[in-house]
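Everything on this sheet refers to the single structure shown next.
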Ligand code: MLT
């Protein structure tokens, strides 16, 4: 997988950065620097190309996911993180996903399938990736950041994802803001405060 790894510490945290549709592995560096400049960064480029735009999995239409491809790509991404932890010698137990939109959706899918893969996740503008029996997520902390007027990732889906993760016993918080699909500085400040609050 095309990716960038930035080593900042030996045994601390690693941020797994997952961009939105049309982005690439460099997009979320400024966000990572604001949230935790001391954390390692593993930033991955989505392997699916849709009309020239990078994505992490295929979709059949706007908001309609190709579930078989989502399952396949979720497994590959999880296995890639396993490989990267070994290869770059970072702590596999302290991987925090930071995903935006399509990247948040594959991070959510990792949570639904692999309860030990992520210690925390910050999901900016996510949807419900899959509706299935959930594993026990009592060791996972999640922040959902959602827009009340988001036309791409509708508020009902963010709320439903919150309920799904809560029912799986994740320590989940949701932050609402009035705007749309873009990440705002207010959201980043909120995410940083959540990240630092332990
Ligand atoms: C998705 O396809 O993952 C969502 O619709 C968000 C996006 O447009 O990337």
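Taken together, the values in this text are just the output of simple stated rules run on the coordinates, not laboratory data. Here the structure is a predicted model, which means the values were calculated and not measured. FYI the Cβ positions are ideal-geometry reconstructions off the backbone, even for glycines, and counts take in every protein chain you see.
Tabulated results
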quantity	calculated
Equivalent ellipsoid, the range 77-133 (semi-axes from 5 times Cα gyration tensor eigenvalues, Å)	21, 12, 9
Extension gain, residue 192 back to residue 8 (0.36 nm per residue minus Cα-Cα distance, nm)	64.4 nm
Equivalent ellipsoid, the range 84-190 (semi-axes from 5 times Cα gyration tensor eigenvalues, Å)	23, 16, 11
The range 167-198 versus the range 1-62: alpha-carbon centroid distance in Å	18 Å
Coordinate range along principal axes, alpha carbons of the chain, Å, largest first	40, 35, 32
For 194, 176, 83, order by how many other beta-carbon atoms lie within 10 Å, fewest first	83, 176, 194
MRE, 222 nm, helices only [DSSP H, n ≥ 4, -39500 (n - 2.57), over the chain, to nearest 500]	-10500 deg cm²/dmol
Antiparallel DSSP beta bridges within the range 51-198, percent to nearest 5	10 percent
Of every Cα-Cα pair in the range 8-94, the percent that sits beyond 14 Å	67 percent
Residue order, fewest to most surrounding Cβ atoms within 10 angstrom, among 44, 64	64, 44
Order by protection proxy (mean Cβ within 10 Å, highest first), peptides 161-167, 46-52, 96-102	96-102, 161-167, 46-52
